[in-house]
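Bear in mind these aren't lab numbers, they're just calculated from the coordinates by the rules spelled out. Because the structure is a prediction, the values reported are computed rather than measured. Reconstructed Cβ throughout: ideal geometry from the backbone, glycine too, with neighbour counts over all protein chains shown.
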Amino acid sequence: MTSVEDGCIFCHIVSGSIPATISGENEMALAFRDINPIAPVHILIIPKSHLENAMAIRPEDCAVIAKMFELAQSIAKRESVSETGFRLVMNVGDDAANSVGHLHMHLIGGKRLGLMG
Ligand code: 5GP
Ligand code: ZN
């Protein structure tokens, strides 16, 4: 079941009303290339149903979270970063510069990444 939140850019990407370069999907999660990549591989993995951020995840969301990680694993293999390494990031709130209020996991790799912070 897909919920579309009014004005949510990532819900519009799920519904197809805003275009994106899709990298993969399964029943519950969608992956597409970040519009402003910070590394050779920079893909966003999102739940197809709207969840605001990591603080909104509840135990009953365990299936969709597992499906996001399943998709991340398959993309990491396909993008050839599963052996060299990659980073999975979920930003929450202003101090993390979270700019889109639909849960997303950044999959970043393809180069040696600096320390976080
Ligand atoms: P945040 O800062 O919220 O963790 O990350 C949001 C990400 O979404 C940013 O890296 C930004 O470049 C990306 N983004 C924002 N709008 C769009 C869009 O319309 N299409 C795509 N593909 N990425 C977007
Ligand atoms: Zn949304």
- Item | Extension gain, Thr21 back to Asp61 (0.36 nm per residue minus Cα-Cα distance, nm) | 11.8 nm
- Virtual spin-label span in nm between Gln73 and Met90, 7 Å along Cα→Cβ: 1.7 nm
- Could you pull out the GluC sites (Glu not before Pro) across the stretch 57-98 that fall in loop regions by DSSP (anything but H, G, I, E, B) with no more than 14 other Cβ atoms inside 10 Å? Glu83
- Message: Using the crude model of +1 on Lys and Arg Cβ and -1 on Asp and Glu Cβ, and no other charge, please compute the dipole size for the chain relative to its Cα centre, in debye to 20.
- Response: 500 debye
- Message: Straight-line reach only, C-alpha to C-alpha below 20 angstrom: list the aspartates and glutamates that Lys67 could link to, leaving out same-chain residues fewer than 8 apart.
- Response: Glu25, Glu27, Asp34, Glu52, Glu79
- Item | Highest-MSF residue in the chain out of Met68, Met90, Met105 [GNM, Cα springs under 10 Å] | Met90
- Separation between the Ile9 and Arg112 pseudo-spin-labels, each 7 Å from Cα along Cα→Cβ, expressed in nm? 3.2 nm
- Checked against the positive end of the charge dipole of the stretch 1-88 (+1 on Cβ of Lys and Arg, -1 on Cβ of Asp and Glu, about the Cα centre), the farthest of Ser82, Leu30, His50 is Ser82
- Note on the structure: For the chain, the longest principal axis of the Cα atoms and the Cα long axis of helix 62-78 enclose an angle in degrees, to the nearest 10, of 30 degrees
- 14 Å beta-carbon shell around Cys8, net charge (K/R +1, D/E -1): -2
- Of the peptides 16-22, 45-51, 61-67, how do they stack up when ordered by the mean number of other Cβ atoms within 10 Å, highest first? 45-51, 61-67, 16-22
- Per residue, what volume in Å³ does the convex hull of the Cα atoms of the stretch 9-109 enclose? 97 Å³
